[in-house]
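**Student:** Have a look at the structure that comes next, please.
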Amino acid sequence: MSDTHLRLGVNIDHVATVRNARGGAYPDPLRAAKLAEEAGADGITAHLREDRRHISDADIEGLMQVLSVPLNFEMAATPEMQAIALRHKPHAVCLVPEKREERTTEGGLEVAREENRLAHFIAPLRDAGCRVSIFIAADRKQIEAAHRIGAQVIELHTGAYCDAHAEGRMDDAQRELEALREMSAFAHSLGLEVHAGHGLTYDTVQPVAAFPELRELNIGHFLIGEAIFRGLGPAIHEMRRLMDEARR
Ligand code: PXP
């Protein structure tokens with residue numbers, strides 16, 4: 001793959017959400033991950049939340065065994081999650097903020113205020129060979145802090161852009177997009193690898209995919225929803241096509 005290839009990480013959390021609605025074994029997130037892999041996903045992303053509302057410990061164990069593409073393990077910066085990550089040593093660890101009461105990961109991680117703790121937190125993960133990524137808002141202060149603590153990657157939170165777009169607030173969407181574009185270039189200038197994700201759809205992916213510094217998008221909820229209508233493989237193929245078109 002060339003250096004300009006924009007990787008697509010498919011987040012399978014919400015296959016587990018549907019499974020857990022009935023408490024049984026179906027649909028199986030591991031099967032979805034293998035299908036996503038066959039459809040051209042460059043990586044699989046899974047978030048083991050503290051309350052285990054979707055992905056389970058056994059899912060992470062299974063993913064580590066069956067995947068041929070890298071696993072991007074999303075987690076809160078807690079001792080419990082650090083121990084799990086150090087046991088499995090996934091290709092990538094993405095630190096995200098987590099609140100029990102939220103429906104999804106609503107904002108980026110507050111790195112600037114927690115620099116010391118986070119620097120100590122990520123050191124053993126890096127030593128274990130995990131590529132450490134920090135999920136943050138498009139905010140210069142947070143990016144500088146992520147760089148200082150030794151993160152190799154930042155993932156920019158695209159939720160505010162996508163929400164504004166979905167609600168028809170196009171001026172706000174444009175403003176959010178500009179902030180993402182500017183901070184993508186800024187992070188890259190510091191030597192950070194830049195990723196982005198959250199809330200992306202066929203309607204919102206292209207302006208973000210066009211940022212030249214961007215190396216990876218992580219997309220889940222929309223793709224799993226779209227899979228109901230067209231199947232997971234075709235849903236991923238269409239996202240891939242739109243991403244490639246935006247890069248040209
Ligand atoms: N990236 C990160 C860090 C996330 O936490 C999530 C959602 O869990 C995503 C990407 C994917 O977001 P969505 O499911 O809205 O596509």
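The values are calculated or read from the model by the stated rules, or taken from the named source; none is laboratory data. These figures come from a predicted structure and were not determined experimentally. Cβ coordinates were reconstructed from backbone atoms using ideal geometry, including for glycine residues, and neighbour counts include every protein chain displayed.
**Student:** Give me the helices (runs of 4 or more DSSP H) completely within region 1-80, filtered to those with at least 2 residues that are under 22 Å from Arg131 (Cα atoms) and touching a strand residue (DSSP E or B) at 6+ places or on another chain (Cβ under 6 Å), ordered by residue number.
**Tutor:** Working: elements: 13-22, 29-38, 57-66.
Of the helices (runs of 4 or more DSSP H) lying wholly inside region 1-80, those with at least 2 residues that are under 22 Å from Arg131 (Cα atoms) and touching a strand residue (DSSP E or B) at 6+ places or on another chain (Cβ under 6 Å) span 29-38.
**Student:** Among the numbered criteria (1) in contact (Cβ under 8 Å) with a residue 40 or more places away in the chain; (2) within 14 Å of the ligand (Cβ to nearest atom), which single criterion is violated by His165?
**Tutor:** Just one mismatch for His165, condition (1).
**Student:** Looking only at region 126-135, decide whether some residue is under 25 Å from Ala179 (Cα atoms), in contact (Cβ under 8 Å) with a residue 40 or more places away in the chain and in contact with a Ser or Thr (Cβ under 9 Å, 6 or more places away or on another chain).
**Tutor:** Scanning region 126-135, I find at least one residue that is under 25 Å from Ala179 (Cα atoms), in contact (Cβ under 8 Å) with a residue 40 or more places away in the chain and in contact with a Ser or Thr (Cβ under 9 Å, 6 or more places away or on another chain), so the answer is yes.
**Student:** Are there any pairs with C-beta distances below 9 angstrom linking a residue in region 206-235 that is within 16 Å of the ligand (Cβ to nearest atom) to a residue that is modelled with pLDDT under 95 and not aliphatic (A, V, I, L, M), with the two at least 6 apart or on different chains, and if so which?
**Tutor:** From region 206-235, the pairs are Arg215/Asp3; Arg215/Thr4; Arg215/His5; His221/Thr104.
**Student:** Next up: Within region 235-248, can one find any residue that is farther than 25 Å from Arg126 by Cβ, surrounded by fewer than 23 Cβ atoms within 10 Å (Cβ to Cβ) and at pLDDT below 95?
**Tutor:** yes
**Student:** Next up: Run down Leu30, Leu35 and say which single residue is farther than 21 Å from Arg240 by Cβ, in contact with a Gly (Cβ under 9 Å, 6 or more places away or on another chain), more than 13 Å from the ligand (Cβ to nearest atom) and at pLDDT 95 or above.
**Tutor:** Leu30
**Student:** Now a separate question. For residues that are closer than 27 Å to Ala210 by Cβ and either within 16 Å of the ligand (Cβ to nearest atom) or not hydroxyl-bearing (Ser, Thr, Tyr) (or both), tally how many sit in region 1-27.
**Tutor:** Taking region 1-27 and keeping what is closer than 27 Å to Ala210 by Cβ, we get 1-14.
Subsequent filtering for residues that are either within 16 Å of the ligand (Cβ to nearest atom) or not hydroxyl-bearing (Ser, Thr, Tyr) (or both) retains 1, 3, 5-14.
Total meeting the criteria: 12.
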